[in-house]
Amino acid sequence: MRRSYARSSRGSYHPKMLTKVIIYAYAQRIYSSRQIAKSVRENIIFMWIAGRQRPDFRTINRFRSERMKEVLEKIFTAVLQFYWKRT
């Protein structure tokens, strides 16, 4: 899996970081990859979660649609179940 991230000349982003950014974005009701990328550039909480890295919208979209679609669905479901158990 990590080999597929090493193709770009700019380097790669760690899958854990991208997963955290996407989950937080969904929790904030931000679903658009362009809006997520904008938030990573402009929102201090997103900057902290991303470790000051700035993946573009193509990277975010590719990651969640091609690489991690099934995993993200399971993680997001688990997060929602955890949330609903606490409330």
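All of the numbers you see were taken from the coordinates with simple rules; none came from a lab. Just so you know, these numbers come straight off a predicted model, no measurement behind them. Neighbour counts run over all protein chains shown; Cβ positions are idealised from the backbone, glycine included.
Odds and ends about this structure:
- Sites GLN81 and ILE45 - FRET efficiency at Förster radius 22 Å, r taken between beta-carbons, to 0.05: 0.40
- Taking other residues whose beta carbon is less than 12 angstrom from the beta carbon of ARG41, and scoring Lys, Arg as +1 and Asp, Glu as -1, yields +2.
- Relative contact order for the chain, counting Cα pairs under 8 Å that sit 6 or more residues apart, in percent: 24 percent
- Distance from segment 73-87 to segment 15-61 (C-alpha centre basis), Å: 19 Å
- Whole-Å semi-axes of the ellipsoid equivalent to the chain (Cα gyration tensor, √5λ, descending): 22, 16, 11
- Sum of -39500 (n - 2.57) over DSSP H runs of 4+, divided by residues of the chain (222 nm, nearest 500): -18000 deg cm²/dmol
- Paramagnetic label reach from GLN53 (point 7 Å along Cα→Cβ; backbone nitrogen cut-off under 19 Å): within segment 16-31, residues 16-26.
- Of the residues PHE63, SER12, GLN35, the one whose Cα sits farthest towards the positive end of the charge dipole of the chain is SER12 (charges of +1 on Lys and Arg Cβ, -1 on Asp and Glu Cβ, taken about the Cα centre).
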